[in-house]
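Below you'll find the structure, written out as structure tokens, and then a few comments.
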Amino acid sequence: MKLSGLIKKIYQQIFIGIVVQHSSMKVCVQLRKGNRLEKEVSREFNISHATPTAEANEFIKSYMDESPFTYIAVLNDTLTQGAIPTCSMHQAENFSDLGSCVTVCNENKWMVYAEKTELNALQKRFLVNGLDFIFSPFFILSNFFQDKIEGKTSLLVLIQDDYLSLCIFAEGELLFANHYATKEAIEDESMSEELDESAGESLGFNLEDDDLSINLDEIDALDELDALDDLDNLQDLDDLDDLDEIEDFEESLNEAVEESEVALEEAKTKYDSKIDNFSDDYKRFQLIQASLQNFYNDSKYNNQFVEETYIADACESGPDLIKFLEEELFVTAYKRSIDLDKELAKMAIKEAKYAI
Amino acid sequence: MQYSFIKPRSKGIVSPEFKLLFFFFSITIVMLFSSYAFLKVKSFMYDSTMDDLMSKSATLKVNIVSMHEDITYIKLQRRHAEGIYTENTVLKESIHNLFDLVPEKITLSQALLKEDELVLYGITPSKEVYEFLLQAPLRSIFHRSYTSYYAMPNGWYSFVSKNYLDRPVQ
């Protein structure tokens, strides 16, 4: 038995997977001894500017102190990253300028890349506890849909709260890949009416349609406003000098108004989340559509037609995206939930075999 | 590196604090052992020097005994040489005296000088001349004195005189 194997059996190994969004951070901690999973802890932290808070750092540090063999893996959230269907730096020039990028080749078939300065900035954000691995979302995708990439031309999409990564595989070969920050895309597109219109036209869908506008009839809480009907009964007051009745009336009126305000607030919140979810899905669809257009229009990819789409959903998105894809792009779409933090921990376990 | 953009940090079983502690303990132990080794070597060298000095001392003692013996022997030889020198001087004096004793009229042909004995061969014009001029002093020197005369054709006498000194009994 090798010394490293012996050490692994004696010592507990801790794998920490971290997925960072702009305002949240998911951490999955797996405590392992040999090949046995002893404990798994997942936790989500609210952060700002994609930088871990002191609480998050303290949480990670508490596990780092338990074993000297602690590996911290983070998903690369940098903007300048992607994947290209070759491992040759010479051929890679046709796809992207990799002069200032770090590349990782996979099975000598395709490689992922990321901007060196952005990777350094990412490491700087985690300077308190340090990082051992930075994984590309494309490796996560290809591993998650390992059984799907060997067949016909398929589009793989990884959806996060703030990011979207997509790649196209055909018979195990990567053809095309792109990575987007949907947060920025959402902001950009809300500023651009032109894009809205074109998207609306392409979908045959209008935000002002009745289906999507606020239907006040659907808001049950508004029924409470019926209390206001009591105002009509003012005429029935025979004697306005009857102060007791007036006071009662005022109280009931105030209560009715307060209740109706609360109901309106609740209805607004409910509607906002619904419209947000819809909006996110729609923006994602737009990005996928734009990417596919690029893919189809680029002669480098031999006009291959994407037949299936597999979505790895890390943010519990709504059903609209699949509907858009199937109706507008005529592809069969499947969605599978993914715990990115756990996937990162899994990948860290694989990678750590080469580490000791 | 298979999937990651960066290499993992090296993992060690011991913490940096423990490494520092271990480093200082190691230095302390090394210093202790080196001090022990230094003292051990010094002690060994001291023992070795002491053994050398002991063996030298023993050799010198043996040499001293030998030299004492030599000195004794040399003293003996010196005494012996002094004795011989004295005897020779005495002998020389005796011979000188002897030849002073011999008168002109008597001619000595041979003289044998031994330790306690003097034998003289020679010729004398007459017995009386010999007896008065030579035998009288010889008698005064030697305890016993015997003389034999042989007549020569020319009327002289050749004589043999044997004179003895008697050693006192010790």
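The values are calculated or read from the model by the stated rules, or taken from the named source; none is laboratory data. Worth saying up front: this structure is predicted, and the values here are computed from it rather than measured. Quick reminder, even Gly has a Cβ in these numbers, built from the backbone with ideal geometry, and neighbours come from all protein chains shown.
Just so you know, in the range A:319-356 the residues that are of a type in the set (A, V, I, L, M), away from chain B (no Cβ under 14 Å) and part of a helix (DSSP H, G or I) include one that is nearest to A:Lys152 (Cα to Cα), and it is A:Leu325. Just one of the listed residues (B:Glu69, B:Glu87, B:Glu128) is in a helix (DSSP H, G or I), surrounded by 11 or more Cβ atoms within 10 Å (Cβ to Cβ) and of a type outside the set (A, V, I, L, M), and it is B:Glu87. If B:Ser10 satisfies all but one of (1) surrounded by 10 or more Cβ atoms within 10 Å (Cβ to Cβ); (2) within 14 Å of another protein chain (Cβ to nearest Cβ); (3) modelled with pLDDT under 90, what's the number of the condition it fails? So the condition that B:Ser10 fails would be (1). Contact annotation: residue pairs with Cβ atoms under 6 Å, 6 or more positions apart or on different chains, pairing a residue in the range B:149-170 that is surrounded by 10 or more Cβ atoms within 10 Å (Cβ to Cβ) with a partner that is β-branched (Val, Ile, Thr), are B:Trp156/B:Ile123; B:Tyr157/B:Thr124; B:Ser158/B:Ile123; B:Phe159/B:Thr124; B:Phe159/B:Thr147; B:Ser161/B:Thr147; B:Lys162/B:Val119. May I ask you to verify whether A:Ala181 is more than 13 Å from every other protein chain (Cβ to nearest Cβ) and in contact (Cβ under 8 Å) with a residue 12 or more places away in the chain? Criteria met by A:Ala181.
Filtered by the rule that a residue be assigned to a loop (DSSP other than H, G, I, E, B), under 17 Å from the mean Cα position of the chain (by Cα) and among the β-branched types (Val, Ile, Thr), the range A:1-55 gives a lone residue, A:Ile47. Filtered by the rule that a residue be assigned to a helix (DSSP H, G or I) and touching a residue at least 12 places away in the same chain (Cβ under 8 Å), the range A:123-174 gives A:Arg125, A:Pro137, A:Phe138, A:Phe139, A:Ile140, A:Leu141, A:Ser142, A:Asn143, A:Phe144. Out of the residues in the range A:87-116 meeting the condition of being exposed (fewer than 12 other Cβ atoms within 10 Å of the Cβ) and closer than 13 Å to B:Gln2 by Cβ, tell me which one is farthest from the other protein chains (Cβ to nearest Cβ). Here the answer is A:Asn108. Restricting the range A:72-86 to residues that are within 14 Å of chain B (Cβ to nearest Cβ) and out of contact with any Phe, Trp or Tyr (no Cβ under 8 Å at 6 or more places or on another chain) leaves a set whose member that is nearest to A:Pro137 (Cα to Cα) is A:Thr78. Is the range A:60-71 home to any residue that is hydrophobic (A, V, I, L, M, F, W, C), within 13 Å of another protein chain (Cβ to nearest Cβ) and under 30 Å from A:Lys8 (Cα atoms)? Checking the range A:60-71: at least one residue is hydrophobic (A, V, I, L, M, F, W, C), within 13 Å of another protein chain (Cβ to nearest Cβ) and under 30 Å from A:Lys8 (Cα atoms). Among the residues making up the range A:136-149, those that are touching a strand residue (DSSP E or B) at 6+ places or on another chain (Cβ under 6 Å) and at pLDDT 90 or above are A:Ser136, A:Pro137, A:Phe138, A:Leu141, A:Phe144, A:Phe145. Restricting the range A:1-50 to residues that are among the hydroxyl-bearing types (Ser, Thr, Tyr) and under 22 Å from A:Gly130 (Cα atoms), the residue that is surrounded by the fewest Cβ atoms within 10 Å (Cβ to Cβ) is A:Ser48.
Right, B:Ser34: assigned to a helix (DSSP H, G or I) and touching a helix residue (DSSP H, G or I) at 6+ places or on another chain (Cβ under 9 Å) or not? Answer is no for this residue. A single entry from A:Leu127, A:Leu119 fulfils the requirement of being out of contact with any Cys (no Cβ under 7 Å at 6 or more places or on another chain), buried (at least 16 other Cβ atoms within 10 Å of the Cβ) and aliphatic (A, V, I, L, M): A:Leu119. One residue alone among B:Lys61, B:Lys19, B:Lys56, B:Lys42 is under 30 Å from A:Thr70 (Cα atoms) and either assigned to a helix (DSSP H, G or I) or not aromatic (Phe, Trp, Tyr) (or both), and that residue is B:Lys19.
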